[in-house]
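Input: a single structure, listed below in structure tokens.
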Amino acid sequence: MPVGPFGLDPVIWAPLRLIIAVLLAVGLVFNGALAQIYLERKIQAIIQDRLGPLHTGPWGLLQTFADAIKLLGKEDIRARLTDKWFFLAAPSIVFSPMLASYVVIPFAPGIVGADLSVGLLYLTTLGSMTVLGIVIAGWASNNKYSLIGGLRSAGQLISYEVPQILSLVTVVLVVGTLSMVGIAESQPGWQMNFLVLPLAFVTYFIAGLAETNRNPFDLPEAESELVAGFLTEYSGMRWAIFFLAEYGEVTVVSSIVTTLWFGAWHGPFVEVFPLLGVLWFTLKTYFFVLVFMWIRATLPRLRIDQLMSLCWKVLIPLTLVNLMVTAILLLAFPTTLVPVAIANWILLAGFVLALPYFQRRRLVALRERLRTAAA
Amino acid sequence: MFDILEPAFFALLTIGIVGSGVGVVMANRITTSALLMAFAFLNVAGMFLLLGAETIAFFQVLIYVGAITVLILYGVMFTPQSPRPYGLFFQTQKWWAALLVVPIAIFVAVVSFQFKDSPSAGTKGGDLLPLATSVFRDFAFPFEVASVLLLAAMVGAIVLVKRDEE
């Protein structure tokens, strides 16, 4: 009889492993969401010069628990004219791809659900499935605000997938593998991909903000325009599942950023204690989660046409140029990454410096047009 | 015990593909059809996984579920809804359909029994490298022709929907 890990028969171990992995992922998502909602409130409060949650538990730490219990206890309301099965299925269609993403995230050396050879492709695939759930939620609610929210979401997510994937491809070109563990192992010590490909990081981060429906790209649920977008008709735990999915998605995007550009689990003393990798990985990931919240508290929302022109006229050409330059330089200098890094930093500087210039030119042209219209 | 898993998954996926395929045609609401189509695509991706072609499986989901189904739903949402009767096609064209399906079914059955003893298509180390080599080396020219064609279609679509500047 073959013996697997812990002296268990593989026939028992394989399903057991699956159950443990799913439970761990669910636990990560739930606890992560609780922590992130607390952090979000506190950070927005600090930025807006308020105190935030304060009274439930020490420093208001138990406030999110109270909210979670409230949501669990709420009545499950479904308006009569909604489309029953679609309405009920939409939260799970949004939630389950996000949960499945955790399979390939490399937390530490050896601590990963499955080291797929196409792990990065798997993550982008699951990211694209979320759209389906949001569109269905918007349509099934039988509500004009929900429908507009769903449509905006479909347009936004499909558009921003292009720069997102192009930025990922740039990293894959440099690293030479699609496996998340392979990418993590390719950046030992301080040799992070960020030093080589900063522009790809910036474009991916912007596209990631849009993919997770976060500010300044939260048009599908813009409360000042659409009540709550595709979430309007949802309440109680179904609404909470959408939010769990959103926070889980933010964590997934942050861990992709950490893995691809910031060396995943690598940090001091990981070679001695491999388990320390989990700490470094979590710290790096939550740093980017905090950046997400910082952006939410500081930037105003874009208009829908600005959103689309940012994607199609700025991000896609930029990522395409970046991809071509990187590919050509990699072919020209196969042994060193220094030319790629120099080109990338120059492109990033150009991007950052050129944006205000073009904004100002557009503003001048707009004022000119208004003046001629008035005259 | 793991030997029976593969046929079991194959059976499940086959039921999924055929069942949702029938559902796409029979359902009386177009949104149900669209969603069932997405389900059929997912099952086809599962088939690719069973064959050891995980790259193709993920591209299948990325493009067909993530983009094409969403665009179809996008179109459906802009169309006025009216429930059509169940099984519209089979009620009016039942015999024609049977006449066409039977020879094709016999042909497919005959062909599929030829494959009985062929070796498993599963490859070690994934299908990424063989796929990349065939697309970018062996079939690079047809690939480029296809991309030029798609580019032309894209430019054409943009020209068609472009509004005149006022």
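Check whether at least one residue in region A:162-174 is away from chain B (no Cβ under 11 Å), assigned to a helix (DSSP H, G or I) and touching a Cys at 6+ places or on another chain (Cβ under 9 Å), and report yes or no. Checked against the condition, which is being away from chain B (no Cβ under 11 Å), assigned to a helix (DSSP H, G or I) and touching a Cys at 6+ places or on another chain (Cβ under 9 Å), region A:162-174 yields at least one hit. You will find that of B:57, B:67, B:40, the residue that is modelled with pLDDT of 75 or more, more than 10 Å from chain A (Cβ to nearest Cβ) and under 22 Å from residue A:133 (Cα atoms) is B:40 and no other.
Pairs meeting the criteria (first residue in region A:225-247 and more than 15 Å from residue A:71 (Cβ to Cβ) and without any contact (Cβ under 8 Å) to a residue 24 or more places away in the chain, second residue surrounded by fewer than 21 Cβ atoms within 10 Å (Cβ to Cβ) and basic (Lys, Arg), beta carbons under 6 Å, at least 6 apart or on different chains) are lacking.
Residue B:47 meets each of the listed conditions (1) modelled with pLDDT of 90 or more; (2) in contact with a helix residue (DSSP H, G or I) (Cβ under 7 Å, 6 or more places away or on another chain); (3) not polar (S, T, N, Q) apart from (1). Residues in region A:95-112 that are among the aliphatic types (A, V, I, L, M) and part of a loop (DSSP other than H, G, I, E, B): A:105, A:112. Quick check, is residue B:62 facing another protein chain (nearest Cβ under 9 Å), part of a helix (DSSP H, G or I), modelled with pLDDT under 85 and within 21 Å of the chain's Cα centre (by Cα)? The answer is no for residue B:62. When you look at residue B:9, is it out of contact with any strand residue (DSSP E or B) (no Cβ under 8 Å at 6 or more places or on another chain), buried (at least 18 other Cβ atoms within 10 Å of the Cβ), of a type in the set (Phe, Trp, Tyr) and part of a helix (DSSP H, G or I), yes or no? When the stated conditions are applied, residue B:9 does not pass them.
Here's the yes/no breakdown for (1) part of a helix (DSSP H, G or I); (2) more than 7 Å from every other protein chain (Cβ to nearest Cβ):
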{"site": "A:114", "(1), (2)": "no, yes"}
{"site": "A:128", "(1), (2)": "yes, no"}
{"site": "A:131", "(1), (2)": "yes, no"}
{"site": "A:134", "(1), (2)": "yes, yes"}
{"site": "A:137", "(1), (2)": "yes, yes"}
{"site": "A:146", "(1), (2)": "yes, yes"}
{"site": "A:154", "(1), (2)": "yes, no"}
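Going by what's in this entry, would residue A:53 be described as surrounded by 23 or more Cβ atoms within 10 Å (Cβ to Cβ) and in a loop (DSSP other than H, G, I, E, B)? Spelling it out, it is not the case that residue A:53 is surrounded by 23 or more Cβ atoms within 10 Å (Cβ to Cβ) and in a loop (DSSP other than H, G, I, E, B). Can you find a residue that is within 14 Å of chain B (Cβ to nearest Cβ), of a type outside the set (Asp, Glu) and over 26 Å from the mean Cα position of the chain (by Cα) anywhere in region A:71-81? Yes, region A:71-81 contains a residue that is within 14 Å of chain B (Cβ to nearest Cβ), of a type outside the set (Asp, Glu) and over 26 Å from the mean Cα position of the chain (by Cα). Need the failing condition index for residue A:70 against (1) more than 21 Å from residue A:286 (Cα to Cα); (2) basic (Lys, Arg); (3) touching a residue at least 12 places away in the same chain (Cβ under 8 Å), just the number. The number of the failed condition is (3).
Going by the conditions given, is residue A:337 buried (at least 17 other Cβ atoms within 10 Å of the Cβ), touching a helix residue (DSSP H, G or I) at 6+ places or on another chain (Cβ under 7 Å), more than 21 Å from residue A:256 (Cβ to Cβ) and touching a residue at least 24 places away in the same chain (Cβ under 8 Å)? Here the answer is no, as residue A:337 does not meet what is asked.
The values are calculated or read from the model by the stated rules, or taken from the named source; none is laboratory data. Remember, predicted model here, so these are calculated numbers, not experimental data. Using ideal geometry, Cβ is built from the backbone for each residue, glycine included, and neighbour counts are taken over all protein chains shown.
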